[in-house]
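Peer 1: Quick one: this structure, given as structure tokens, is what I'll be asking you about.
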Amino acid sequence: MGDKAYITVDMLHNAINTGKKITCKYFEWSADKKKEYKHRRQNYHFSPYGLVWNNDRYYTVGWSDSHGKVITLRVDRIAVPKYTDEPAVTMPEGFNMAFYAESVIQMYDGPLRDVTLICENDMMKHVIDRFGENVKTQILDPEHFAAYVNVPASPTFFAWVFTFGGGIRIEAPEDIARGFREAALRAAKR
């Protein structure tokens, strides 16, 4: 996280403590590592409920007016945050912040391994979300790029890869790729 992210964290803390909304823009990443603002650069109107630190990243959980529900934003992907005088939307009744954060922001465990992923271009945002802007990548052809990552090759990592329905594939090392295929077959048999 850079200095801007820490300034955003401070702003979010203040908004939480004063019960106010913020406005901001939110971005994803293109295959060529360019920032692409979501929702045609429209501002999010966001009522922050809390901050979560996970895997060296801050996330904020809160109500998004445009989504009409509770969402999670990565703090380092928030752009142009501003305070508002608008009162924050109250946390939904029965909402459990700890449970939500645990279930939405996945935890990873296991020994670290160097893994090569083959990804469709529109997967760059997910690769950068998980591994950061400095992830080593290489464009392979007009539709694919490779990502070279150091990850705990655990069932949770396999679940993350599986989430993208083939948009991200484990290429190497072979034992990790084989382990992923075997895990998918075991899941299909149940």
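Peer 1: Once amide H atoms are placed 1.01 Å from N in the peptide plane, what residues at a sequence separation of 5 or more from K38, or on another chain, have their amide H within under 5 Å of its amide H?
Peer 2: The answer is Y26, F27, E28.
Peer 1: So what's Rg/Rh here for the chain, counting alpha carbon atoms and using the Kirkwood radius for Rh?
Peer 2: For the chain, the value is 1.01.
Peer 1: Right, next: Fewest to most neighbouring Cβ within 10 Å: what's the order for I7, I168, I78?
Peer 2: I7, I168, I78
Peer 1: I would also like to ask the following. Using the crude model of +1 on Lys and Arg Cβ and -1 on Asp and Glu Cβ, and no other charge, please compute the dipole size for the chain relative to its Cα centre, in debye to 20.
Peer 2: The calculation lands at about 280 debye.
Peer 1: Next question. From the residues F27, L51, A88, which one has its Cα farthest along the dipole of segment 1-93 in the positive direction, the dipole being from +1 and -1 charges on Cβ of Lys/Arg and Asp/Glu about the Cα centre?
Peer 2: So the residue furthest toward the plus end is F27.
Peer 1: On a 0 to 90 degree scale, rounded to 10, what angle separates helix 3-18 from the longest Cα axis of the chain?
Peer 2: The angle comes out at about 50 degrees.
Peer 1: Then there's this: When the chain is fully extended, how far beyond the present Cα-Cα distance does E120 get from S154, taking 0.36 nm per residue of separation?
Peer 2: 10.0 nm
Peer 1: Set the Förster distance to 25 Å, then compute FRET efficiency between T84 and N54 from the Cβ-Cβ distance, nearest 0.05.
Peer 2: With R0 = 25 Å, the Cβ-Cβ based efficiency is 0.40.
Peer 1: Please report the orientation-averaged projected area of segment 112-189, defined via the convex hull of its C-alpha atoms, in nm².
Peer 2: Quarter of the Cα hull surface area: 4.9 nm².
Peer 1: Further question: Can you sort R41, R77, R186 from fewest to most other Cβ atoms within 10 Å of each residue's own Cβ?
Peer 2: Taking fewest neighbouring Cβ atoms as first place, the list is R186, R41, R77.
Peer 1: So, one more: Taking the alpha-carbon distance from K38 and a cut-off under 26 Å, which lysines remain once sequence neighbours fewer than 8 residues away in the same chain are dropped?
Peer 2: K4, K20, K21, K25, K69, K82, K125, K136
Read-outs: derived from the displayed coordinates by stated rules, not from any lab. All of these numbers come straight from a predicted model, not from anything done at the bench. Cβ atoms come from the backbone with ideal geometry, glycine included; neighbour counts cover every protein chain shown.
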